[in-house]
Amino acid sequence: MPKKHTLTRGRQAFLDYYTKLLPQFDTPEKLNAYLTTKNPQVILVSPIHESQISGLWHKAGLDWSPLPWFPHTLVWPKNVLPGTSLPGFREGWLYPLNPSSLLPVLAMQPQPGQSILDAAAAPGGKTLAILNFLYPKPVSLIANDVSLPRFKRLRTVLKRFGFPEVVTARHPIQALPHILTAGSFDKILLDAPCSSEKHVYNSKRHLKIWSENRITTLAHLQKLLVDSLLPLLKPGGTLVYSTCALAPQENEGVVEYTLSRHPLISPVPVPTLSLPRPVSASWHTHSSSPRSSTRHPPAKCS
Ligand SMILES: C[S@@+](CC[C@H](N)C(=O)[O-])C[C@H]1O[C@@H](n2cnc3c(N)ncnc32)[C@H](O)[C@@H]1O
């Protein structure tokens, strides 16, 4: 962990700003420790190639340890350095991700046969998690992302992992209400573009261009994206909103804004996850629960 006196001016300004914003980090040092700690990853396993991969791992003497709370997912093997290329990576049969990325999918609780829209899907971690969650049951899923390079990566990830048949689209979410049929989705995931403070803090290039205004601009976009997606929900459908941002404006702020503008929409309780946190919230078009959002620290692997 860098000591305070080694911090660049940009990092110090960032820490000072966020420590004031987030009472849970009562000192800049605690926030710095949080932002610089690397969390152990978990690995989504292609269910189509699972027996081949487990054979390869067995041969290589690797510890095959399924994550107890998510199907077709492994805990990073013991005694193997993070970032090591494991058997199955080269083929695209494995997808490493932060365990907290699985929590919006648990909040969504996709059911077989439901129509699902993953509205900001690239590069595809949560799309794969939805597919693994349901496998081998049928799902009607559209994975959409506006960015061309990220969309290409999404297509490649889906193909190599073993789900080439998933429908993909490359539209701005703001245009989707004019392209897709209103009221046609049981579940929508909006894993929104956000401040990604951890990423920004650890990237010189991004830290240089960071400003407080970025939060306001992103919160404005996030509200617009939620507003664009709501008409696509079936009556009784659920939209899950998640970010990896720390800023309350981009999280609770977006939830509160949405609930205040749409009286027919009620928050649904996020399933009680005995796991520590990303930041996610979900809404249902009718429900009486008042709990609309939840913050999770990095989720534990076991
Ligand atoms: C947090 S990332 C999504 C990560 C992805 N869900 C995953 O798990 O791999 C947010 C995504 O939103 C996309 N995006 C940003 N603005 C968008 C818009 N207006 N319409 C559609 N996608 C957008 C970005 O290209 C980016 O890929």
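The values are calculated or read from the model by the stated rules, or taken from the named source; none is laboratory data. Because the structure is predicted, anything quoted here is derived from the model rather than measured. FYI the Cβ positions are ideal-geometry reconstructions off the backbone, even for glycines, and counts take in every protein chain you see.
With out of contact with any Lys or Arg (no Cβ under 8 Å at 6 or more places or on another chain), of a type in the set (G, A, S), buried (at least 19 other Cβ atoms within 10 Å of the Cβ) and at negative phi as the only criterion, which of A175, A143 stands out? Quick ask: steps written out before the conclusion?
Numbers: A175 fails: buried (at least 19 other Cβ atoms within 10 Å of the Cβ).
After applying the criteria, what remains is A143.
If we only count helices (runs of 4 or more DSSP H) wholly inside the stretch 158-228, which ones have 3 or more residues that are under 30 Å from L35 (Cβ atoms)? Give the derivation first.
Details: elements: 176-179, 197-201, 204-209.
Ranges flagged: 197-201, 204-209.
Counting residues that are hydroxyl-bearing (S, T, Y) and surrounded by fewer than 18 Cβ atoms within 10 Å (Cβ to Cβ), which helices (runs of 4 or more DSSP H) fully inside the stretch 19-136 reach at least 2?
Working: elements: 28-36, 50-59, 103-108, 125-134.
Once the helices (runs of 4 or more DSSP H) in the stretch 19-136 are filtered for at least 2 residues that are hydroxyl-bearing (S, T, Y) and surrounded by fewer than 18 Cβ atoms within 10 Å (Cβ to Cβ), what remains is 50-59.
Are any of the residues in the stretch 57-79 within 10 Å of the ligand (Cβ to nearest atom) and among the aliphatic types (A, V, I, L, M)? Don't jump to the end; show me each part of the working.
Step one: of the stretch 57-79, the residues within 10 Å of the ligand (Cβ to nearest atom) are none.
Checked against the condition, which is being within 10 Å of the ligand (Cβ to nearest atom) and among the aliphatic types (A, V, I, L, M), the stretch 57-79 yields no hits at all.
Kindly indicate which of P99, P104 is within 16 Å of the ligand (Cβ to nearest atom) and touching a Cys at 6+ places or on another chain (Cβ under 7 Å).
Details: P104 fails: touching a Cys at 6+ places or on another chain (Cβ under 7 Å).
After applying the criteria, what remains is P99.
Could you tell me how many of the residues in the stretch 238-253 are surrounded by 22 or more Cβ atoms within 10 Å (Cβ to Cβ) and without any contact (Cβ under 8 Å) to a residue 60 or more places away in the chain? Steps first, answer last, please.
First pass over the stretch 238-253, keeping only residues surrounded by 22 or more Cβ atoms within 10 Å (Cβ to Cβ): 238-243, 245-247, 250-251.
Filter again for without any contact (Cβ under 8 Å) to a residue 60 or more places away in the chain, leaving 239, 241, 243, 245, 250-251.
Residues in the stretch 238-253 being surrounded by 22 or more Cβ atoms within 10 Å (Cβ to Cβ) and without any contact (Cβ under 8 Å) to a residue 60 or more places away in the chain: 6 in total.
Just for the stretch 146-167: of the residues that are β-branched (V, I, T) and within 12 Å of the ligand (Cβ to nearest atom), which one is surrounded by the fewest Cβ atoms within 10 Å (Cβ to Cβ)?
V146
So, in the stretch 180-197, of the ones that are away from the ligand (no atom under 12 Å from the Cβ) and surrounded by fewer than 22 Cβ atoms within 10 Å (Cβ to Cβ), which residue ends up farthest from P231 (Cα to Cα)?
Here the answer is D186.
Restricting attention to the stretch 124-173, which residues are farther than 21 Å from F185 by Cα and polar (S, T, N, Q)?
S147, T156
Checking the condition modelled with pLDDT of 95 or more and under 19 Å from the mean Cα position of the chain (by Cα), which residue from L224, L176 passes?
Working: L176 fails: under 19 Å from the mean Cα position of the chain (by Cα).
Going through L224, L176 in turn, just one is modelled with pLDDT of 95 or more and under 19 Å from the mean Cα position of the chain (by Cα): L224.
In the stretch 22-44, which residues are within 30 Å of W93 (Cα to Cα) and either hydrophobic (A, V, I, L, M, F, W, C) or within 18 Å of the chain's Cα centre (by Cα) (or both)?
Applying the first criterion (within 30 Å of W93 (Cα to Cα)) to the stretch 22-44 yields 35-44.
Of everything in the stretch 22-44, those that are within 30 Å of W93 (Cα to Cα) and either hydrophobic (A, V, I, L, M, F, W, C) or within 18 Å of the chain's Cα centre (by Cα) (or both) turn out to be L35, K38, N39, P40, Q41, V42, I43, L44.
Kindly indicate whether any position in the stretch 253-267 is within 13 Å of the ligand (Cβ to nearest atom) and out of contact with any Ser or Thr (no Cβ under 7 Å at 6 or more places or on another chain). Break it down stepwise before answering.
Of all residues in the stretch 253-267, those within 13 Å of the ligand (Cβ to nearest atom) come to none.
The answer is no; no qualifying residue exists.
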